[in-house]
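The values are calculated or read from the model by the stated rules, or taken from the named source; none is laboratory data. Worth saying up front: this structure is predicted, and the values here are computed from it rather than measured. Neighbour counts are summed over all protein chains in view; Cβ atoms, including those assigned to glycine, are modelled from backbone coordinates with ideal geometry.
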Amino acid sequence: MSKYSGWTSKEFRFKNIVYEKKRRVATITINRPKVLNCLNLETLLELGSAFQDAAWDDTIAVVVVSGAGDRAFCTGADLKEWKEDFLDRPNDFYKWMGVFIETFERLRTIGKPTVARLNGMVVGGGNELQMSCDLAIAADDISIRHVGTEHGSVPAAGATQWLPLIVGDRRAREILFLCEPIPAKKALEWGLVNEVVPRKELDAAVEAMCKKLVRKLPECTRYTKQQLNFWRDFSWSMTIGHARDWLTVHTSAPEIIEGINAFNEKRPIDYEKIRQQMADGRRQIADDTGQMPDGRKRTTRGKSRKS
């Protein structure tokens, strides 16, 4: 056996995912249902290992990605980890983001068709995960949502690049600015998913899709996938490095801190306070220096402010 042939799924000792190989299909399930299958560092590393193994295993024709339970497919980054690890050490987020990028690139460039099995809510990075797959089948009671501008984890790593390609510019802006849930039916109409079925039929629909994909030529499929990836790869490569740096610098910004703390404390975000702090900060610059940031003198009721 070649050293590039892949391992049996039993040889892995994963804690956060379940990895199974059966009838030429590799199924990778995020197994953190108590926290709605959100992504911490350990989970990203395990996903990356499974994606690499599935890519190398020539007995595998299709890869299915899903979440454990029936509440969530994936809800994006683990904000408890953010609070504990990144608010005081923002440079560590740069390292986390590097793992995030590498994991998603492994999935997108796996060289085999991939199917997202959407068994529950899909939020933020979870939608970026399902968009990294080639196809998606959803239960009819799920919803898809981004919450970056509402909760403080800015959606810059996949959503801003790929949503305009998939659903169009105006719909992408609606999704990312308003942060409203998109029901499965609307997701189907907008092209975010390929198929919506009653929950009890989800597994059968995924199995049927996989059987169709298995009966296709592997090298032709791989090259077709490579060509189809062009615009996603292009937009991703032009922006992801900037996103990684900006997100790292912005991790300790007041609005991010407020968003993460509000999430972990299970309370509403004080949006008015954030906006007032921004306004107060600008006034403070003028009060201390006598000038506005653009060099103009601060004026009050049409007159220059006296020093």
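What to note about this one:
- For the range 73-80, the criterion of a residue being modelled with pLDDT of 95 or more and either assigned to a loop (DSSP other than H, G, I, E, B) or of a type in the set (Ser, Thr, Tyr) (or both) is satisfied by at least one position.
- Scan the range 219-257 for residues that are touching a residue at least 12 places away in the same chain (Cβ under 8 Å), closer than 21 Å to LEU79 by Cβ and not in a helix (DSSP H, G or I) and the total you get is 2.
- Any hit, the range 211-218, residues being surrounded by fewer than 15 Cβ atoms within 10 Å (Cβ to Cβ), assigned by TED's automatic domain parsing to the domain that holds PHE73, on the phi > 0 side of the Ramachandran plot and outside any helix (DSSP H, G or I): no
- Selection from the range 258-273 of residues that are assigned to a helix (DSSP H, G or I) and within 25 Å of the chain's Cα centre (by Cα): GLU258, GLY259, ILE260, ASN261, ALA262, PHE263, ASN264, TYR271
- The selection criterion, being of a type in the set (Asp, Glu), in contact (Cβ under 8 Å) with a residue 40 or more places away in the chain and either in the same structural domain as ALA204 (by TED's automatic domain parsing) or farther than 22 Å from LEU192 by Cβ (or both), holds for GLU150.
- Yes/no for ALA55 being at pLDDT 95 or above, assigned to a strand (DSSP E or B) and either assigned by TED's automatic domain parsing to the domain that holds LYS186 or not small (Gly, Ala, Ser) (or both): no
- Test: residue in the range 48-58 that is crowded, with 19+ Cβ neighbours inside 10 Å, more than 16 Å from ARG108 (Cβ to Cβ) and without any contact (Cβ under 8 Å) to a residue 40 or more places away in the chain: no
- Any chance GLY158 is assigned by TED's automatic domain parsing to the domain that holds THR75, touching a helix residue (DSSP H, G or I) at 6+ places or on another chain (Cβ under 6 Å) and on the phi > 0 side of the Ramachandran plot: yes
- Scanning the range 30-47 for residues that are touching a residue at least 40 places away in the same chain (Cβ under 8 Å) and within 22 Å of HIS151 (Cβ to Cβ) returns ILE30, VAL35, LEU36, ASN37, CYS38, LEU39, ASN40, LEU41, LEU44.
- Looking only at the range 25-47, residues that are surrounded by 17 or more Cβ atoms within 10 Å (Cβ to Cβ) and either among the basic types (Lys, Arg) or not assigned by TED's automatic domain parsing to the domain that holds GLN130 (or both) come to 1 in all.
- Hey, LEU192 in a loop (DSSP other than H, G, I, E, B), in contact (Cβ under 8 Å) with a residue 40 or more places away in the chain and surrounded by 13 or more Cβ atoms within 10 Å (Cβ to Cβ) or not: yes
- Against the test of being at negative phi, modelled with pLDDT under 95 and not acidic (Asp, Glu), the options LYS10, LYS21 yield a single qualifying residue, LYS10.
- Applying the criterion of being under 19 Å from GLN161 (Cα atoms) and acidic (Asp, Glu) to the residues of the range 89-114, the residue that is surrounded by the most Cβ atoms within 10 Å (Cβ to Cβ) is GLU105.
- Number of residues in the range 17-52 that are within 17 Å of the chain's Cα centre (by Cα), polar (S, T, N, Q) and either more than 24 Å from ARG215 (Cα to Cα) or outside any strand (DSSP E or B) (or both): the value is 4.
- Residue in the range 274-291 that is modelled with pLDDT under 85, over 23 Å from the mean Cα position of the chain (by Cα) and not in a helix (DSSP H, G or I) present: yes
For (1) without any contact (Cβ under 8 Å) to a residue 24 or more places away in the chain; (2) farther than 30 Å from CYS220 by Cβ; (3) outside the structural domain of ARG232 (by TED's automatic domain parsing), each residue gets a yes or a no:
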{"residue": "LEU79", "(1), (2), (3)": "no, yes, no"}
{"residue": "ASN91", "(1), (2), (3)": "no, yes, no"}
{"residue": "LYS95", "(1), (2), (3)": "yes, yes, no"}
{"residue": "ARG106", "(1), (2), (3)": "no, no, no"}
{"residue": "THR109", "(1), (2), (3)": "no, no, no"}
{"residue": "VAL123", "(1), (2), (3)": "no, yes, no"}
{"residue": "MET131", "(1), (2), (3)": "no, no, no"}
{"residue": "LEU135", "(1), (2), (3)": "no, no, no"}
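- Given (1) surrounded by fewer than 20 Cβ atoms within 10 Å (Cβ to Cβ); (2) of a type outside the set (Gly, Ala, Ser); (3) assigned to a helix (DSSP H, G or I); (4) at pLDDT 95 or above, index of the condition GLU180 fails: (3)
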